[in-house]
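Notes follow once the structure below has been shown.
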Amino acid sequence: MSFAEGILNGKSAIVTGGATGIGSYIVRRLGTLGASVGIVSRKEENLIAAVKAFKEQDGIDVVWRTGDVRDPDGIKKSFDEVVGEIGGLDILVCNAAGNFICPTEDLSWNGWRTVIEIDLNGTFNCCQAALEYLKASQDGGRIISISTTQADFGWPGAAHAGAAKSGIQNLMKTLAAEWGQYGIRANWISPGPIEGTEGVDRLIIQQGLGEEVKKNIPLGTFGEGDDIANAVVYLSSDTGKYVSGAGLAVDGATQWFRKR
Ligand code: COA
């Protein structure tokens, strides 16, 4: 089941952190539905391998540049170059993120700062770098940030990421309000546990929580990368044109499960 073929024809998109995990599913979906896609992330070897796989498995040509979302000047340069190659920018997916589990009492200042810089400041840097291009987008630019439902609750063991993702959600609301005048829509998606991603592997499986987490998913299974990618397409295309400043949880209702 998918969207109409070519629904994103003529659109250009950048996905940060698009070489791996959820980001790579988003890239595949946007690309196979017709968008010209560029990916920006830190590790050249991941980018090269991903672009090869996108070509061989999905038949899509994806442009890439290295870039660390923490570095505003570097990210601007990478975005400028990518936009030059993909012919403008209609869709920005702020997906790059960093996280690790550490109780707050053991969390160093640098550990806190690192995750805030990647997740929250990184999203700000990417939005700023994309603004001039999104303003020029014909049908209205789209910003879609990948958050988490955990941002709406406390997140024991991930204070840095919880605070950063909450901050991202508020940033999207503010940009929706400030940049609506430019036709830009700013939204976020909150994935639940998505199978086969580094997030689930490191934060759930490696913590020995796999079975317990699964029992607490009302729909009974982990999500798939395409569940998130389809939500991105909805918000990126004409289907989502009146949605701005909103969050879309794609989590099998996990956030609402509470043991009696
Ligand atoms: N527990 C406690 N502290 C940790 C940690 C852990 N598991 N991992 C990193 N830190 C601390 C480091 O000790 C360091 O603090 P210090 O200088 O006080 O010792 C600080 O965080 C920065 O670590 P560093 O490894 O230099 O940062 P980095 O920029 O190279 O890496 C991270 C960024 C920390 C987010 C890293 O986990 C990463 O790159 N992850 C891959 C991407 C990712 O997390 N994806 C999201 C999946 S949900």
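The values are calculated or read from the model by the stated rules, or taken from the named source; none is laboratory data. Because the structure is predicted, anything quoted here is derived from the model rather than measured. Quick reminder, even Gly has a Cβ in these numbers, built from the backbone with ideal geometry, and neighbours come from all protein chains shown.
Here are the numbers for this structure:
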{"quantity": "Residue 245 at pLDDT 95 or above and crowded, with 16+ Cβ neighbours inside 10 Å", "calculated": "yes"}
{"quantity": "Residue 79 away from the ligand (no atom under 16 Å from the Cβ), under 20 Å from residue 165 (Cα atoms) and in a helix (DSSP H, G or I)", "calculated": "no"}
{"quantity": "Number of positions in the stretch 217-240 that are surrounded by fewer than 17 Cβ atoms within 10 Å (Cβ to Cβ), assigned to a loop (DSSP other than H, G, I, E, B), of a type outside the set (Gly, Ala, Ser) and over 19 Å from the mean Cα position of the chain (by Cα)", "calculated": "3"}
{"quantity": "Residue within the stretch 213-235 that is among the aliphatic types (A, V, I, L, M) and without any contact (Cβ under 8 Å) to a residue 12 or more places away in the chain present", "calculated": "no"}
{"quantity": "Odd one out for residue 186, checked against (1) more than 24 Å from residue 13 (Cα to Cα); (2) not in a loop (DSSP other than H, G, I, E, B)", "calculated": "(1)"}
{"quantity": "Residues within the stretch 201-242 that are over 20 Å from residue 29 (Cα atoms) and of a type in the set (A, V, I, L, M), tallied", "calculated": "7"}
{"quantity": "Hits in the stretch 61-76 - residues which are surrounded by fewer than 21 Cβ atoms within 10 Å (Cβ to Cβ) and part of a helix (DSSP H, G or I)", "calculated": "72, 73, 74, 76"}
{"quantity": "Residue that is surrounded by the fewest Cβ atoms within 10 Å (Cβ to Cβ), among those in the stretch 196-212 that are hydrophobic (A, V, I, L, M, F, W, C) and either within 26 Å of residue 15 (Cβ to Cβ) or touching a residue at least 40 places away in the same chain (Cβ under 8 Å) (or both)", "calculated": "205"}
